[in-house]
Amino acid sequence: MSSPKVAFRPLLALFVLGLLWGYNWVVMKGGLSDIATLWFGAIRTIVPALFLILLLPIMGKSMAPPPLKFALPLGVLQTAGFVGFMMWALKSGAAGETAVLVFTMPLWLTLMAHLFLHDHLSRLQWMALGVAAIGLFLMIAPWEGHLAMASSLLAVLSGLTWAGGSIWQKKYGHLYKLDMINVIAWQMLYGGIVILAAAMLFDPWHFNWNLHLGWVLFYNLIPAGALGWLLWFYALHNLPTKVAGFGSLLIPTIGVLSAWVQLGERPNQFEMFGILFIMAALVMILWPKKINS
């Protein structure tokens with residue numbers, strides 16, 4: 001019997017998503033000169049979250065928020081930590097390198113699943129973690145000074161908290177009968193409010209309005225924001241998980257290439273090898289397990 005065909009439209013949605021989210025690293029980096037870091041993070045999460053919540057009844061779904069004890073920690077990890085650390089990393093770090101380091105998330109997710117969900121790692125997955133460790137060392141480059149190292153560590157923290165949110169959802173999500181889009185929208189709102197509170201406390205207001213900033217905000221709120229999440233939901237719902245996982249590798253790849261072309265961020269020799277090691281490790285982690293005949 002032939003294997004089932006993968007539908008074209010979900011694959012197209014995943015490809016478009018990779019372009020939108022991959023190029024957004026360049027867009028976000030360019031916008032940080034005109035708007036305070038955490039304020040930007042708060043805007044790009046709260047507004048799309050409200051849009052998705054208002055869209056729920058049109059999609060035939062409930063607007064009622066999920067239980068706070070489940071959604072708030074999820075929002076703190078998967079939105080506040082992920083976006084907050086990512087924006088801080090982008091402020092002082094290169095867009096392409098930040099994209100790759102943030103998207104080490106599947107590696108941390110695999111390790112956390114082993115530690116907290118008792119999902120045993122295969123030999124290939126252990127090898128992938130070792131390969132990733134080499135790549136991380138080359139990209140963090142402790143010999144290049146504290147500023148470069150701090151930016152890289154913030155990007156890694158972004159991936160870690162993102163993975164932590166996924167573990168939280170995996171561990172406790174089955175206790176509630178919740179709609180995925182409803183949960184994502186509300187946790188984005190809660191996480192965005194946490195970022196907003198941090199911005200009010202620690203990040204002085206800076207907003208230099210111009211046409212470029214208007215484009216940056218529009219891109220983050222609509223194409224990369226609300227539309228991006230809808231494309232992700234559609235692809236995830238209609239594609240095998242492994243296919244969606246491999247497709248997500250397009251995002252850091254586009255991030256590196258677009259930063260190279262548009263921002264002139266050409267990785268040095270160590271960074272290039274680090275990127276290659278991490279991308280190889282991600283492929284190893286996402287590689288489908290053998291199926292017994």
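Any read-out appearing in this document is the output of simple, stated calculations on the displayed coordinates, not a laboratory observation. These numbers come from a predicted model, not from an experiment. When we count neighbours, we look across all protein chains shown, and the Cβ atoms used for this are built from the backbone with ideal geometry, even at glycine.
Tell me the mean residue ellipticity at 222 nm calculated for the chain from its helices only (DSSP H runs of n ≥ 4, each -39500 (n - 2.57), averaged over every residue, nearest 500). All intermediate terms of the calculation are to be shown ahead of the outcome.
Values: 14 runs with 212 residues, N = 293.
Counting only the DSSP helices, I get -23500 deg cm²/dmol.
Where nothing but the Cβ of Lys and Arg (+1) and of Asp and Glu (-1) is charged, how large is the charge dipole of the chain around its Cα centre, in debye to the nearest 20?
Details: 15 positive and 8 negative charges, 187 e Å.
The calculation lands at about 900 debye.
How many nm separate the modelled label positions at TRP205 and HIS118, each set 7 Å beyond the Cα in the direction of the Cβ?
Between TRP205 and HIS118, the label points sit 5.2 nm apart.
Report the extension gain between HIS212 and ARG9 in nm, rounded to one decimal, defined as 0.36 nm multiplied by the number of residues separating them, less their alpha carbon distance. Spell out each step's value before the answer.
On the way: separation 203, 0.36 × 203 = 73.08 nm, distance 3.23 nm.
Contour length minus Cα-Cα distance gives 69.9 nm.
How high is the relative contact order of the chain, in percent, with contacts defined as C-alpha pairs under 8 Å that are six or more residues apart?
Numbers: 418 pairs, mean separation 123.7, N = 293.
The normalised contact order for the chain reaches 42 percent.
Between segment 146-220 and segment 7-81, what is the separation of their alpha carbon centroids in Å?
Centre-to-centre distance over Cα atoms comes out at 8 Å.
Take the chain, connect every pair of alpha-carbon atoms lying under 10 Å apart with a spring to form a Gaussian network, then pick out the residue of ILE167, ILE53, ILE134 with the largest mean-square fluctuation.
Result: ILE134 has the largest fluctuation of those listed.
Give me the net charge for the shell around GLN78: Cβ to Cβ below 14 angstrom, other residues only, Lys and Arg +1, Asp and Glu -1.
Details: positive: LYS170, LYS171; negative: none.
Overall, the nearby charge balance is +2.
I want to verify a result. In a Gaussian network model of the chain, Cα cutoff 10 Å, which of these has the top mean-square fluctuation: ARG44, ARG123, ARG266?
In this elastic network of the chain, the residue with the biggest mean-square fluctuation among ARG44, ARG123, ARG266 is ARG123.
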